[in-house]
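First the structure, in the form of structure tokens, and then the observations on it.
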Amino acid sequence: MRNSPRVLLVEDSQSMTSIYRGYLSNAPYEVSAVASIGAARQALAEMPVDIVLLDVQLPDGNGLDFVDELLSHEDAPDIVVMTAYATADMAVEAVRRGAVDFITKPFDATRLLVTLDNTVAQQKLRRDYARMTRRQGTGFEQFVGDSPAMQSVYQTIEALAASDAAVFVVGESGTGKELAARAIHDNSVRADAGFVVLNCGAMPSDRLDHALFGSDGAARSADGGTLFLDEVCELEPELQTKLLRFVQFGTFHGSGSDETQVDSRIICATNRDPLRAVQEGTLREDLYYRLHVVPLRMPPLRERGGDVALLAAHYLARFASETGKRFRGFSEDAMEALQRYPWPGNVRQLQNVLQEIVVLQDAGQVSEAMLPNYLQTGHIPMEEPTAEPASPVVASPTAREVVEPLWMVEKRAIEDAIAACDGNVNRAAGLLEVAPSTVYRKLQSWKQSGDEE
């Protein structure tokens, strides 16, 4: 866009055209005006335009039908529809077709200027996003964000990529720890070899041992490349011992095999505090110091300031393109709501919110009403307590009827948690505040007990 955005006014009333030109006479806009759709086509063919102020009732057609034609072109301008015959249905239809705003006549200079300024702000947001995604040659194409917090991340990644030291990536869930590990690999001398990912909290210990050190396991597959171990604090003690030897010497014993030597870089990640895990005895101290050679902290989204807007523009453009929807930006209220929310689920939560909106809606812009209720209020959603049903009066129970064996209480708690999480064992383990491997192990033991019976 030029320093002064170009506005094409499509209005058949000469008196209204004069009024609107007067409104914008001291504003930083280059304004040209035409009186018909045909004249608008010719004007757009002769020069690029940033914003079209489009009347609905025109002598050679309906402005709403012209919206579709305008948006079919590459580098289409943003469209603001204006009419004196406004209805709620017409406004919805204009935005649904792809207009970024809708103004009801008569309107004053302030209303027009606010509308144009908001549209220009959305265009700047899209340009900033495009600039971020054009970082060719920097190795950070997978990231969106230009905040000081992310600039620090980029600098650390560049330094880490030049070495072969073990890296420990820490950060809350949804902050992009795997993206950071992949960026380190992609910018290193190992970039042409494999980048192998293994989630240490996604399977029981026996299966994880095979997945890591088996004949076709991750350790062998990462030879010459990078092995990324996510949620490493969930490893059982026996596997931590094997991993320590692997980190120290690059060797391991697979099941029934001789000692194997591989050359791979180790990058680990966790959403827990690894030092606290050491203090609690769930992570070996010697393993911690072997892995924690260079720490990389991924900042939560609430610390990234203007990156929220860039990320929102990124996901809106991506999902709109994938689904063929018309979304091009956000209303001012919607963007304010996105930027004031603390995002406990970080980038992943923002991504899910935008994907749901695009899947369920279709419009020119995301309005505040399309956002989930908790985003509109700014409150982090909490599970509502359910009222306990009134208990009937019964005879006093015996101790045997009141007290259950501990394993039965534990089994019921775990099964209820898994059911509440729709079968997601990892999420259930998180709510129960235990390692997923612990849940898998107990489920396996109860299954074997049932088979024996």
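The rows are residues; the columns are (1) at pLDDT 90 or above; (2) surrounded by fewer than 19 Cβ atoms within 10 Å (Cβ to Cβ); (3) closer than 18 Å to Ala363 by Cα.
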residue: Leu9; (1), (2), (3): yes, no, no
residue: Ala45; (1), (2), (3): no, yes, no
residue: Leu58; (1), (2), (3): yes, no, no
residue: Gly61; (1), (2), (3): no, yes, no
residue: Asp68; (1), (2), (3): no, yes, yes
residue: Thr87; (1), (2), (3): no, yes, yes
residue: Lys105; (1), (2), (3): no, yes, no
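For region 166-273, give me every one of the strands (runs of 3 or more DSSP E) that falls completely inside it and has 2 or more residues that are over 27 Å from the mean Cα position of the chain (by Cα).
Values: elements: 167-170, 195-199, 226-230, 251-253, 259-261, 265-270.
In region 166-273, 251-253, 259-261 are the strands (runs of 3 or more DSSP E) which contain 2 or more residues that are over 27 Å from the mean Cα position of the chain (by Cα).
With respect to Ala317, is the statement that it is in contact with a helix residue (DSSP H, G or I) (Cβ under 9 Å, 6 or more places away or on another chain), open to solvent by 20 Å² or more (accessible area, probe 1.4 Å), in contact (Cβ under 8 Å) with a residue 60 or more places away in the chain and not β-branched (Val, Ile, Thr) true? Before you say what the answer is, go through the steps one by one.
Details: in contact with a helix residue (DSSP H, G or I) (Cβ under 9 Å, 6 or more places away or on another chain): yes; open to solvent by 20 Å² or more (accessible area, probe 1.4 Å): yes; in contact (Cβ under 8 Å) with a residue 60 or more places away in the chain: yes; not β-branched (Val, Ile, Thr): yes.
It is true that Ala317 is in contact with a helix residue (DSSP H, G or I) (Cβ under 9 Å, 6 or more places away or on another chain), open to solvent by 20 Å² or more (accessible area, probe 1.4 Å), in contact (Cβ under 8 Å) with a residue 60 or more places away in the chain and not β-branched (Val, Ile, Thr).
Considering only residues in region 205-233 that are of a type in the set (D, E, K, R) and within 16 Å of Leu179 (Cα to Cα), the one that is surrounded by the fewest Cβ atoms within 10 Å (Cβ to Cβ) turns out to be Asp230.
Identification of helices (runs of 4 or more DSSP H) wholly contained in region 1-102 with 2 or more residues that are farther than 17 Å from Leu113 by Cα and of a type in the set (D, E, K, R) yields 37-46, 63-71, 88-97.
Residues of region 150-172 that are modelled with pLDDT of 90 or more, among the small types (Gly, Ala, Ser) and open to solvent by 30 Å² or more (accessible area, probe 1.4 Å): none at all. Restricting to region 15-34, name every residue that is open to solvent by 50 Å² or more (accessible area, probe 1.4 Å) and either touching a Gly at 6+ places or on another chain (Cβ under 6 Å) or in contact (Cβ under 8 Å) with a residue 12 or more places away in the chain (or both). Across region 15-34, the qualifying residues are Met16, Arg21, Tyr23, Pro28, Glu30.
Okay, residues lined up against (1) open to solvent by less than 20 Å² (accessible area, probe 1.4 Å); (2) farther than 22 Å from Met298 by Cβ; (3) at pLDDT below 90; (4) in contact with a Lys or Arg (Cβ under 7 Å, 6 or more places away or on another chain):
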site: Leu179; (1), (2), (3), (4): no, no, no, no
site: Ala191; (1), (2), (3), (4): no, no, no, no
site: Met203; (1), (2), (3), (4): no, yes, yes, no
site: Leu244; (1), (2), (3), (4): yes, yes, no, yes
site: Asp263; (1), (2), (3), (4): no, yes, no, no
site: Asn271; (1), (2), (3), (4): no, no, yes, no
site: Arg284; (1), (2), (3), (4): no, yes, no, no
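Conditions (1) out of contact with any Gly (no Cβ under 9 Å at 6 or more places or on another chain); (2) buried (at least 22 other Cβ atoms within 10 Å of the Cβ); (3) at pLDDT 90 or above, marked per residue:
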{"residue": "Val293", "(1), (2), (3)": "yes, no, no"}
{"residue": "Pro300", "(1), (2), (3)": "no, no, yes"}
{"residue": "Leu311", "(1), (2), (3)": "no, yes, yes"}
{"residue": "Arg326", "(1), (2), (3)": "no, no, no"}
{"residue": "Pro342", "(1), (2), (3)": "no, no, yes"}
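The values are calculated or read from the model by the stated rules, or taken from the named source; none is laboratory data. Bear in mind that the values here come from a model prediction, so they are computed numbers and not experimental data. Cβ coordinates were reconstructed from backbone atoms using ideal geometry, including for glycine residues, and neighbour counts include every protein chain displayed. Just the protein is used for accessible areas: all its heavy atoms, side chains included, with ligands, DNA and RNA removed. Shrake-Rupley method; radii C 1.70, N 1.55, O 1.52, S 1.80 Å.
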